[in-house]
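Below you'll find the structure, written out as structure tokens, and then a few comments.
The values are calculated or read from the model by the stated rules, or taken from the named source; none is laboratory data. For clarity, every value in this text was computed on a predicted model and none was experimentally measured. Ideal geometry is used to build each Cβ from the backbone, glycine not excepted, and the neighbour counts take in all protein chains shown. Note: areas computed on protein heavy atoms with side chains; ligands, DNA, RNA excluded. Shrake-Rupley method; radii C 1.70, N 1.55, O 1.52, S 1.80 Å.
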Amino acid sequence: MKKNKQAGFATRAIHDGQEPDPLTGAVTVPIYPTSTYVQQGIGENKGYEYSRVSNPTRDRLEENLASLEGGIAARVFGSGMAAIHAIATTLKSGDHVVCGNDLYGGTPRLFNQVLSNFGLEFSYIDTSDAENVERALRKNTRMVFVETPTNPLMRLSDLPAISAICRGRKVELVVDNTFMSPYFQNPLALGADMVVHSTTKFLNGHSDGLGGVVVCSRQDQADKLAFLQKAAGAILSPFECWLILRGVKTLAARMEIHDRSGRVVANFLAKHKKIKKVFYPGLADHPQHKLAKRQMRGFGAMITFETGSLKNANRMLKKLRVCSLGESLGGVETLISHPATMTHAGLGEKGRKAIGITDGMVRISVGIENIEDLLGDLESGLAAI
Ligand SMILES: Cc1ncc(COP(=O)(O)O)c(C=O)c1O
């Protein structure tokens with residue numbers, strides 16, 4: 001990792017943690033599908049004892065992802081939710097967490113329906129105004145958890161401003177950076193203490209494996225999370241680690257196309273007479289467009305738009321042939337989802353209304369297919385409204 005610190009992003013993605021295998025010279029990291037390791041004597045081993053604790057393929061992935069996010073270490077887990085769960089279980093009963101009110105629906109589900117039974121307290125606020133964070137802090141607040149941009153409303157949080165509020169108060173700022181990937185945004189460089197990703201999305205990039213990662217800025221966080229890998233066991237398998245190692249090699253190239261096509265699709269939708277509103281930080285009329293330009297290096301591929309009603313959304317979605325209706329995002333293929341009945345169904349109608357998610361909203365994760373084919377498909381879908 002250190003060796004390539006000065007190298008560019010694409011070089012680090014391809015080489016950090018991905019050095020040729022010392023035994024054979026293989027250019028790809030070997031998959032070590034082993035549960036245990038032969039020991040030379042009592043207390044004598046080659047650095048590996050049992051694969052819940054550590055595995056060479058996992059080590060390589062953790063080294064690679066730490067480099068891409070500019071952290072000191074990374075710990076990978078069986079899914080994005082397992083990674084978020086691990087972060088939350090570094091807290092103690094009685095601790096309070098301030099969260100964005102527009103997170104991926106699975107996160108408040110974990111917080112409210114699982115972890116609140118163990119004495120953790122959560123409150124949800126609009127973190128797009130940093131002053132709301134200041135107001136929400138309590139004596140027992142130990143963590144602020146945000147996504148930026150949010151899912152699906154594409155609101156941004158000013159990370160340096162929130163980090164300045166957290167500093168000196170023993171409050172850790174944790175950022176879910178799944179939507180931007182480390183290619184477009186590095187929260188640790190903007191003052192965050194930890195970064196989490198669902199690697200299922202852009203990092204893997206091929207919709208063929210689940211995973212999650214926490215990237216740490218301090219050794220004590222990395223040690224706690226390594227202990228949680230060993231103690232709770234929600235680790236990522238060597239094969240799925242390898243899928244991500246393979247996926248990240250093309251992250252820079254993929255993100256360039258995702259971003260380029262994302263801008264074209266957002267402009268197309270913004271001009272389309274059937275569309276009432278488009279949520280995309282790359283549009284000049286996005287209320288936080290300036291902040292987006294300041295803290296992100298691109299605008300990405302995630303766009304939400306308003307079709308006007310559930311009926312309109314359904315009519316459009318049924319017509320699509322290139323874009324696939326499905327949960328998830330960040331793959332090479334364009335995926336379209338309906339937040340009200342999919343990712344945010346668990347919030348209930350009232351919860352969705354409170355934060356502005358409507359039945360007519362559709363979210364698109366623009367893939368890397370030919371842009372003409374995507375625009376043609378969307379045009380034919382919109383003609384059905
Ligand atoms: C922003 C964000 N964070 C976390 C998750 C959870 O990740 P996983 O599905 O890998 O558990 C998702 C899943 O869609 C997500 O979109």
Sorted by mean Cβ packing within 10 Å, highest first, what order do the peptides 80-92, 303-315, 108-120 take?
80-92, 303-315, 108-120
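Note the full-extension length gain between Thr34 and Asn267 as 0.36 nm times their separation in residues minus their Cα-Cα distance, in nm to one decimal.
Full-extension gain reported as 78.9 nm.
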If R0 = 22 Å, then Gln113 and Asp208, at their Cβ-Cβ distance, give a FRET efficiency to the nearest 0.05 of 0.15
Sort 188-200, 327-339, 236-248 by the packing proxy (mean of other Cβ within 10 Å over each peptide's residues), most packed first.
188-200, 236-248, 327-339
Which ³J(HN,Hα) values, rounded to whole Hz and listed in residue order, are derived for segment 213-223 from phi using the Karplus coefficients 6.51, -1.76 and 1.60 in 6.51 cos²θ - 1.76 cosθ + 1.60 with θ = phi - 60°, glycine and proline given as x?
9, 10, 9, 10, 9, 9, 5, 5, 5, 4, 5
For Met143, distant residues with modelled amide H under 5 Å away
His96, Val98, Glu172
For segment 242-251, in residue order, the Karplus 3J(HN,Hα) values (coefficients 6.51, -1.76, 1.60; θ = phi - 60°; whole Hz; Gly and Pro = x) are 5, 4, 6, 4, 5, x, 5, 4, 10, 4
Output the peptides 316-322, 149-155, 55-61 sorted from most to least packed, where packing is the average of other Cβ atoms within 10 Å over each peptide's residues.
149-155, 55-61, 316-322
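So for the chain, considering every pair of alpha-carbon atoms, how many percent are separated by more than 29 Å?
42 percent
I'd like the antiparallel share, as a percent to the nearest 5, of DSSP beta bridges with both residues in segment 169-294.
Expressed as a percentage, antiparallel bridges in segment 169-294 total about 60.
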Report the gain in length on full extension from Asp373 to Lys353: 0.36 nm times residue separation, minus Cα-Cα distance, nm rounded to one decimal.
3.8 nm
On full extension of the chain, what length is gained from Ala345 through Ile42, given 0.36 nm per residue of separation minus the C-alpha to C-alpha distance?
103.8 nm
Per DSSP H run of at least 4 residues, take -39500 (n - 2.57); add these up for the chain, divide by its residues and hand me the 222 nm value, nearest 500 deg cm²/dmol.
-11000 deg cm²/dmol
When every alpha-carbon pair in segment 237-385 is counted, what percent end up more than 28 Å apart?
21 percent
Accessible area in square angstrom per residue, segment 245-385, 1.4 angstrom probe
45 Å²
Using a Förster distance of 22 angstrom, determine the FRET efficiency expected from the C-beta separation of Lys277 and Glu333, and round it to 0.05.
0.30
Solvent-accessible area, 1.4 Å probe, carbon plus sulfur percent, for the chain:
55 percent
Step through the residues of segment 46-61 one at a time and calculate ³J(HN,Hα) from phi using the Karplus curve (6.51 cos²θ - 1.76 cosθ + 1.60, θ = phi - 60°), rounding each to whole Hz and writing x for Gly and Pro.
9, x, 10, 10, 7, 6, 5, 7, 6, 8, x, 5, 5, 4, 5, 5
